[in-house]
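**Q** Have a look at this one.
The values are calculated or read from the model by the stated rules, or taken from the named source; none is laboratory data. These numbers come from a predicted model, not from an experiment. Here the Cβ is made from the backbone with ideal geometry for all residues, glycine too, and neighbour counts use every protein chain on show. These area figures cover heavy atoms from the full protein model, side chains too; ligands, DNA and RNA do not enter into them. Shrake-Rupley method; radii C 1.70, N 1.55, O 1.52, S 1.80 Å.
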Amino acid sequence: MDDRELHRGLDLTATCSAYEIDSAPLDSRELDYLRSKTSTAAPLIGGLAAITLGVTVIVMAAPDLDRGGWLLCFGMLSLIGLWVARWINRDQRTLRADVADGIKLWRDGRVHAMRIREDPDSGRSIYHVEIAIDPDPARLIVSTISSTCYEAIEKGDRVRIAYSPHGRHLLDLIDGDYRYIAAERHGAST
């Protein structure tokens, strides 16, 4: 199977015809990493949980709602629950497709942006990076990275990254002699 057959169906081949797309099989550590992100629960459960939580809040906060108010609130919560279920379902589908395909794409790019966000629950800092992929700088890979990786790279650096083709999960980032491997950070088996 040649490289074109391997990437058939991936939307990246059409936009990157002038640039070579390198691919490689996922190693066991990367497969474990992607599998660890998949959920066994159906996405509908997340949507139902959102509806149940919302109804509970409405009952406790506004016991004097009339029938129209209840219907309006329930309808809005149902739409929110369906949106949550759809988002979870899409994310899980892309993860499963990445595991099933078993490949990663290697591309060159540039560090487009870096930011730190504080998690309000744990107080931990969460480090994010955006990589603009060549040849289309509008095509970004956005990922959470370790603090060590955050400190080792700078905005504007040329990097080489590996990512999953469907979910676009960052698997590997190389900046000169520095190498960040996402699967190792998450404690996946070697």
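Residues are listed down the side, and each one gets a yes or a no for (1) aliphatic (A, V, I, L, M); (2) modelled with pLDDT of 95 or more:
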{"site": "Leu140", "(1), (2)": "yes, no"}
{"site": "Ser143", "(1), (2)": "no, no"}
{"site": "Lys155", "(1), (2)": "no, yes"}
{"site": "Ile181", "(1), (2)": "yes, no"}
{"site": "Ser189", "(1), (2)": "no, no"}
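**Q** Within the range 80-93, is even one residue open to solvent by 50 Å² or more (accessible area, probe 1.4 Å), at pLDDT 90 or above and more than 24 Å from Ser164 (Cβ to Cβ)?
**A** No, the range 80-93 has no match at all.
**Q** While we're here: Does the range 113-128 contain at least one residue that is open to solvent by less than 40 Å² (accessible area, probe 1.4 Å), aliphatic (A, V, I, L, M) and free of Cβ contacts under 8 Å to residues at least 40 places away in the same chain?
**A** Yes, some residue in the range 113-128 is open to solvent by less than 40 Å² (accessible area, probe 1.4 Å), aliphatic (A, V, I, L, M) and free of Cβ contacts under 8 Å to residues at least 40 places away in the same chain.
**Q** All but one of (1) open to solvent by less than 40 Å² (accessible area, probe 1.4 Å); (2) without any contact (Cβ under 8 Å) to a residue 12 or more places away in the chain; (3) aliphatic (A, V, I, L, M) hold for Ala100; state the number of the condition that does not hold.
**A** (1)
**Q** Which of the strands (runs of 3 or more DSSP E) found entirely inside the range 131-190 contain at least 3 residues meeting this: in contact with a helix residue (DSSP H, G or I) (Cβ under 9 Å, 6 or more places away or on another chain) and more than 25 Å from Trp87 (Cβ to Cβ)?
**A** Fully inside the range 131-190 and qualifying: 170-175, 178-181.
**Q** Checking the condition of a type in the set (A, V, I, L, M, F, W, C) and under 22 Å from Arg29 (Cα atoms), which residue from Ala85, Ala97 passes? Break it down stepwise before answering.
**A** Values: Ala85 fails: under 22 Å from Arg29 (Cα atoms).
Just a single option satisfies the conditions, and that option is Ala97.
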